[in-house]
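Engineer: Just dropping this structure here.
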Amino acid sequence: MAPPARPNLRQIAASLGLSVTTVSRALKEGPEVHPRTRARVQKAAAKAGYAPNVHGLALRTGRTRMIAAILPLETRAYVADLAKVPLIEGMTLAASENGYALSIFSTGPEEDQLWSLQRLVQSGMSDGIIITRMMAKDPRIAFLKERSIPFVAFGRSATKPDYAYIDVDNEAMVREATTKLVAEKHRRIALHLLTRDDESCEQRLRGYRQALAKAKLPFDPVLVGHEEFTMAASESFFESVLDLPKPATALMCSSELGLLGAISALRKRGLVPGRDVGLFVRDNTRLSKYLAVPLLAHFVDLAEAGRLAVDALLRQIDDPGSPLTQIVMSGHFERYRGSDV
């Protein structure tokens, strides 16, 4: 049995006694169409199950009204990518509000990121791309620029920033957090980072070393760990620095999952988290607020970062000659006393 015919604009227009042009403009939220007519058309289209033909639209206009975000998995461990959820939410809402669909192009942690990008570009699925997990010398930047493909980076590489980006000031965040821990009399501060290829981790390491140097404290490489983005890896690293002859007196966690690993490592040793050993976490989800543990947290609104990234990308798509958006978000610190729930 053949599937039911796909409803089209002409059928919807005929059922409402309107022109095809009016229906088309109403579905695009055209200001020239009366709001009541727009609502009437949209209700009829939804009832009929109408969806625009993306391929036909691309042939007529050269646009798909779709954008893509490449989000590599941090690892294959469960919930390792929890911190990305606010970013995805912000991008999704911003795209929808502007009449675009967002496609999440998720890749495995071991996949070559340039190869993944090439596959996406060859598919012709999107009008622009958001790339993440920036490397110090990121080949994806040159690849996209050479092909004049609209793109925005979430993060920065170590090369000349001649492209649009939304980033977090990771260097300042860790420098200030380390300084705050030093002011609380901590002298053995452990820093947990992700892979060495991730430029944001190098930025955090620079901030850490700057704060130690200013406080005239020695840099001990044993107190810095480059691990996977998992609770188990975090727990393992923090266990190692807590078991040193001169143990760490404060733990700096790269994420909420890292914080959970740190708390586990402390409790296994009979230590009270946040009291016997200081804690700092970069928290994207405010999870740390509900753990009833004394700690210092740094919060950045990643949903807003997602919105900013989409807005910057659509600006390039609609006006290729417009100035590039380059925003570094500072975020803010919050102190939880253990009962702020």
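The values are calculated or read from the model by the stated rules, or taken from the named source; none is laboratory data. This structure is a prediction, so every number in the text was calculated from the model and none was measured. With ideal geometry, Cβ positions are generated from the backbone for all residues, glycine too; neighbour counts draw on all protein chains shown.
Engineer: Examine the stretch 319-329 for a residue that is free of Cβ contacts under 8 Å to residues at least 60 places away in the same chain and not assigned by TED's automatic domain parsing to the domain that holds Ala101, and state whether such a residue exists.
Structural biologist: no
Engineer: Could you check the stretch 120-131 and list, in sequence order, the residues that are among the polar types (S, T, N, Q) and surrounded by 16 or more Cβ atoms within 10 Å (Cβ to Cβ)?
Structural biologist: Matches in the stretch 120-131: Ser126 only.
Engineer: What number of residues within the stretch 267-307 are out of contact with any Gly (no Cβ under 8 Å at 6 or more places or on another chain), assigned to a helix (DSSP H, G or I) and in contact (Cβ under 8 Å) with a residue 24 or more places away in the chain?
Structural biologist: Selection size over the stretch 267-307: 5.
Engineer: Turning to a different aspect of this structure: Assess whether Leu223 counts as being within 22 Å of the chain's Cα centre (by Cα), of a type in the set (A, V, I, L, M), within 27 Å of Lys137 (Cα to Cα) and modelled with pLDDT of 90 or more.
Structural biologist: no
Engineer: Sort through Leu313, Leu302, Leu324, Leu287 and tell me the only one that's farther than 18 Å from Val174 by Cβ, crowded, with 21+ Cβ neighbours inside 10 Å and within 20 Å of the chain's Cα centre (by Cα).
Structural biologist: Just a single option satisfies the conditions, and that option is Leu313.
Engineer: Which one is surrounded by the most Cβ atoms within 10 Å (Cβ to Cβ) among residues in the stretch 222-258 that are free of Cβ contacts under 8 Å to residues at least 24 places away in the same chain and in a helix (DSSP H, G or I)?
Structural biologist: For the stretch 222-258, the residue satisfying everything is Ser240.
Engineer: Related question: Filter the stretch 197-216 down to the residues that are part of a helix (DSSP H, G or I), under 20 Å from Met329 (Cα atoms) and of a type in the set (D, E, K, R) and list them by number.
Structural biologist: Glu199, Glu202, Arg204, Arg206
Engineer: Could you check the stretch 144-196 and list, in sequence order, the residues that are closer than 20 Å to Gln118 by Cβ and either assigned to a helix (DSSP H, G or I) or over 17 Å from the mean Cα position of the chain (by Cα) (or both)?
Structural biologist: Selection gives Leu144, Lys145, Glu146, Arg147, Ser148, Ile149, Pro150, Thr159, Tyr163.
Engineer: Please work out if Leu181 is outside the structural domain of Arg315 (by TED's automatic domain parsing), crowded, with 16+ Cβ neighbours inside 10 Å and either closer than 15 Å to Glu199 by Cβ or in contact with a strand residue (DSSP E or B) (Cβ under 7 Å, 6 or more places away or on another chain) (or both).
Structural biologist: Taking the combined requirement at face value, the residue satisfies it.
For (1) under 24 Å from Glu111 (Cβ atoms); (2) in contact with a Leu (Cβ under 9 Å, 6 or more places away or on another chain); (3) touching a residue at least 12 places away in the same chain (Cβ under 8 Å), each residue gets a yes or a no:
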{"position": "Lys137", "(1), (2), (3)": "yes, no, yes"}
{"position": "Ala142", "(1), (2), (3)": "yes, no, no"}
{"position": "Lys145", "(1), (2), (3)": "yes, no, yes"}
{"position": "Arg156", "(1), (2), (3)": "yes, no, yes"}
{"position": "Tyr165", "(1), (2), (3)": "yes, yes, yes"}
{"position": "Arg175", "(1), (2), (3)": "no, no, yes"}
